[in-house]
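The values are calculated or read from the model by the stated rules, or taken from the named source; none is laboratory data. Not measured: the values here are computed from a predicted model. Note: ideal-geometry Cβ built from the backbone for every residue, glycine included; neighbour counts use all protein chains shown. Accessible surface is based on the protein model in full, side chains and every heavy atom, while ligands, DNA and RNA are left aside. Shrake-Rupley method; radii C 1.70, N 1.55, O 1.52, S 1.80 Å.
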Amino acid sequence: MKDKLDIIFNYREEFMCLIRNKFPDSYPEAWPVDLSSKESQKLLRQTALNGVEEMFEALGHLKNWKPHRSSEVPDIDQEEFLEEIVDAFNYFITLLVLCGVDNDKFFKAFLKKHEIIKKRLEDGY
């Protein structure tokens, strides 16, 4: 059985190809993109903003965060909340794919950063 993160990256890249076939201007013919080019930076920026927008949609489902609100909204549609987070995650995975980062490289970067933030916590950062 394949690693779940590998499956996620493969599905995302597959979907990006489907989108590109249907909407040729959506993604370049090949990736990774040239990070120094203006067109690539515009694409990466827009993709990141799309992910942030999806996170804001997820946050819109949270109603009890305001410190000045005295009433509570007991219901949250957890399925819709999760769906929006998955939408955001898909855009962020797309960013990684466009930059030539695969699941192994991402996982190594994740572990490296995990150790950094863990050490910060231990050192009283």
Give the number of residues within the range 19-37 that are farther than 15 Å from Val101 by Cα and either aromatic (Phe, Trp, Tyr) or surrounded by fewer than 11 Cβ atoms within 10 Å (Cβ to Cβ) (or both).
-> 8
List the pairs whose first member sits in the range 71-100 and is within 15 Å of Ser40 (Cα to Cα), whose second member is part of a helix (DSSP H, G or I) and open to solvent by 60 Å² or more (accessible area, probe 1.4 Å), and whose Cβ atoms are under 6 Å apart, counting only residues at least 6 apart or on separate chains?
-> Leu96/Phe106; Val97/Glu13
Among the residues of the range 63-96, the number that are open to solvent by 60 Å² or more (accessible area, probe 1.4 Å) and not basic (Lys, Arg) is 20
Grab the helices (runs of 4 or more DSSP H) fully contained in the range 20-125, keeping just those with 2 or more residues being among the small types (Gly, Ala, Ser).
-> 38-59
Every pair of residues 6+ apart whose Cβ atoms lie under 9 Å, when the first sits in the range 14-32 and is farther than 14 Å from Gln46 by Cβ while the second is exposed (fewer than 14 other Cβ atoms within 10 Å of the Cβ) and charged (D, E, K, R) | Arg20/Glu29
Would you mind finding the one in Gly60, Gly51 that is closer than 25 Å to Phe107 by Cβ, open to solvent by less than 90 Å² (accessible area, probe 1.4 Å) and of a type in the set (Gly, Ala, Ser)?
-> Gly51
